[in-house]
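Chemist: Here you go, one structure.
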Amino acid sequence: LCYDPRRANGPSAGFVYVGRSAHRPSTAPGANALEGISVSLKPFGRPGTNEWSPAFDDTLHVTDADIVEEPAVLFAEYNAENPGNFLMDTLFAIFTLLSQFGAEQQLATGVWPIRLTTPLTPWCCDWHAGTNMSNALARYPWKAKTAPCKDRSSAACKRTVDTYIQTKLRNCRRIYSKFMPLLTVHPLRVLSQQPDPNASPFKKLTCFRRLYAGIGSLADHCEDEYQHGENPDEARVNEIGARCNVGRSSLISRYRAHLLSMQSIDPMQQPCHLRIMLVSESMKRGINNVAELAGQVCPTYSRAGVRCAAETLSSMPLRDQMVAFTETTVYIGICGGAAIFSLFLPKHATAVLFCDLLRDWGLLQNSHLRVLFRRQVGPKNARVTKFDVRPHDLTPLIKDALAHYTSFLSASQCPGLPST
């Protein structure tokens with residue numbers, strides 16, 4: 001199976017099976033019919049959308065082609081604007097695909113991540129790289145309402161939009177370079193006539209011994225499409241989450257173990273201490289009074305031998321962030337991208353998540369975690385994204401979480417564990 005960049009814009013997305021006609025798979029009923037096979041490359045993809053269908057070509061020669069001997073996985077990105085989307089919509093979908101072929105163990109020894117640079121959604125990095133001002137203002141309508149862009153033809157508006165898009169692209173590249181090594185030892189490679197300058201492009205015919213494809217509907221929200229767990233109808237969100245992730249606990253656990261192992265962190269470690277970590281880091285949503293909460297809550301528990309602190313994760317290296325979660329027994333934070341890191345909490349730990357909408361409900365409820373969601377709403381059930389949390393609302397949740405953790409650990413396992 002080869003990639004021919006000259007055909008990148010065709011229906012086969014540049015992929016062709018190379019071989020003589022006599023070796024072409026039969027399309028007769030009951031035969032191993034590969035011709036015309038289609039799979040979805042986009043997370044949340046539905047049948048008939050974003051399909052990838054390799055063609056056949058009897059004329060190509062592979063004598064001067066690049067041959068990729070190691071396994072490779074083909075994917076199209078949904079969103080790399082933040083770590084939560086990237087970890088679960090892209091990397092988790094890839095991990096799930098490989099697990100279905102019994103190949104997830106190959107990630108530790110080397111699988112090439114191959115991104116098809118087709119801008120399938122207005123969230124992905126490739127969309128930002130190829131967008132124009134009109135499309136950008138449609139994607140970010142609040143920009144069109146700000147002073148520079150009330151006149152969309154103005155130079156000031158163009159500069160504002162260009163700056164915003166370039167910021168998005170820098171975030172994309174930073175997240176790829178930071179988080180892709182959690183999945184595989186090989187760096188990102190791209191398939192495009194205009195490759196990402198930060199990745200290694202394929203410049204001529206490139207052939208694969210083994211290529212995995214078909215991540216559609218394998219991410220943590222399955223067929224939820226653009227709602228991405230943000231449907232304001234709670235019953236619908238819970239229905240989607242349960243249907244999508246029920247029975248995936250083992251898969252999610254193996255994914256967690258793989259990400260930690262790639263950073264040389266023992267995924268099986270079980271802390272013999274009690275630690276409360278409060279976090280609020282998000283540009284769009286968050287707890288306003290984290291420092292105040294820590295100042296009122298932490299002294300009480302510290303006197304009882306429980307570690308407690310408010311952390312600024314963005315100031316830590318990635319590995320230190322992951323270690324901090326593996327050593328935490330009660331995590332207090334917000335729903336959204338940062339909440340995905342709660343998957344690194346140890347077994348029997350509790351995540352207390354304050355949310356404007358029930359993001360990631362189905363994923364986290366089907367993981368190894370105990371999750372307490374607390375939805376924050378404004379007057380008349382209006383959505384709020386920034387809010388205060390009252391200490392007396394938090395105290396019973398912390399007590400319950402600490403008791404839950406200690407109930408699973410015997411004195412022989414953890415001598416000297418503080419009593420709750």
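Chemist: Return the residues of segment 301-327 that are in contact (Cβ under 8 Å) with a residue 12 or more places away in the chain, polar (S, T, N, Q) and open to solvent by 20 Å² or more (accessible area, probe 1.4 Å); say none if nothing qualifies. Talk me through it step by step, then tell me what you get.
Modeler: Kept after step one, since they are in contact (Cβ under 8 Å) with a residue 12 or more places away in the chain, are these residues of segment 301-327: 301, 304-314, 318-319, 321-327.
Applying the additional criterion that residues be polar (S, T, N, Q) yields 312, 314, 321, 326.
Matches in segment 301-327: Thr312, Ser314.
Chemist: Can I ask one more? If you check Leu409 against the conditions, is it at pLDDT below 90, among the aliphatic types (A, V, I, L, M), in a loop (DSSP other than H, G, I, E, B) and in contact with a His (Cβ under 8 Å, 6 or more places away or on another chain)? Can you show your working first?
Modeler: Numbers: at pLDDT below 90: yes; among the aliphatic types (A, V, I, L, M): yes; in a loop (DSSP other than H, G, I, E, B): yes; in contact with a His (Cβ under 8 Å, 6 or more places away or on another chain): yes.
Yes.
Chemist: Turning to a different aspect of this structure: Specify the residue that is modelled with the lowest pLDDT; the eligible residues are those in segment 371-386 that are hydrophobic (A, V, I, L, M, F, W, C) and in a loop (DSSP other than H, G, I, E, B). Walk me through it before giving the result.
Modeler: To start, the set of residues in segment 371-386 that are hydrophobic (A, V, I, L, M, F, W, C) comprises 371-373, 377, 382, 384.
Within this subset, residues satisfying the condition of being in a loop (DSSP other than H, G, I, E, B) are 382, 384.
Numbers: Ala382: 61, Val384: 67.
The selected residue is Ala382.
Chemist: Let me ask something additional. Taking helices (runs of 4 or more DSSP H) that do not extend beyond segment 121-210, which have at least 3 residues that are at pLDDT 85 or above and either basic (Lys, Arg) or within 30 Å of Glu104 (Cα to Cα) (or both)? It would help to see each step written out before you state the result.
Modeler: On the way: elements: 125-130, 133-139, 141-145, 155-179.
Of the helices (runs of 4 or more DSSP H) lying wholly inside segment 121-210, those with at least 3 residues that are at pLDDT 85 or above and either basic (Lys, Arg) or within 30 Å of Glu104 (Cα to Cα) (or both) span 155-179.
Chemist: Quick check on segment 224-273: of everything there that is at pLDDT below 60 and charged (D, E, K, R), which residue is least open to solvent (accessible area, probe 1.4 Å)? Before you say what the answer is, go through the steps one by one.
Modeler: Within segment 224-273, the first condition is being at pLDDT below 60, and the residues that meet it are 224-242.
Retained after the next criterion (residues that are charged (D, E, K, R)): 224-225, 230, 233-234, 236, 239.
On the way: Asp224: 16, Glu225: 32, Glu230: 59, Asp233: 81, Glu234: 80, Arg236: 87, Glu239: 91 Å².
Restricting to residues being at pLDDT below 60 and charged (D, E, K, R), the top hit is Asp224.
Chemist: If you take the residues in segment 328-340 that are of a type in the set (A, V, I, L, M, F, W, C), open to solvent by less than 10 Å² (accessible area, probe 1.4 Å) and not in a loop (DSSP other than H, G, I, E, B), which one is nearest to Leu182 (Cα to Cα)?
Modeler: Taking segment 328-340 and keeping what is of a type in the set (A, V, I, L, M, F, W, C), we get 330, 332, 334-335, 338-340.
Remaining after also requiring open to solvent by less than 10 Å² (accessible area, probe 1.4 Å): 330, 332, 334-335, 339-340.
Filter again for not in a loop (DSSP other than H, G, I, E, B), leaving 330, 332, 334, 339-340.
Numbers: Val330: 24, Ile332: 24, Ile334: 23, Ala339: 17, Ile340: 14 Å.
If we take residues in segment 328-340 being of a type in the set (A, V, I, L, M, F, W, C), open to solvent by less than 10 Å² (accessible area, probe 1.4 Å) and not in a loop (DSSP other than H, G, I, E, B), then Ile340 is nearest to Leu182 (Cα to Cα).
The values are calculated or read from the model by the stated rules, or taken from the named source; none is laboratory data. The structure displayed is predicted, hence computed values, not measured ones. For neighbour counting, all protein chains shown are included, and Cβ atoms are generated from backbone atoms with ideal geometry for every residue, glycine included. Note: accessible area is taken over every heavy atom of the protein model, side chains too, but ligands, DNA and RNA are not part of it. Shrake-Rupley method; radii C 1.70, N 1.55, O 1.52, S 1.80 Å.
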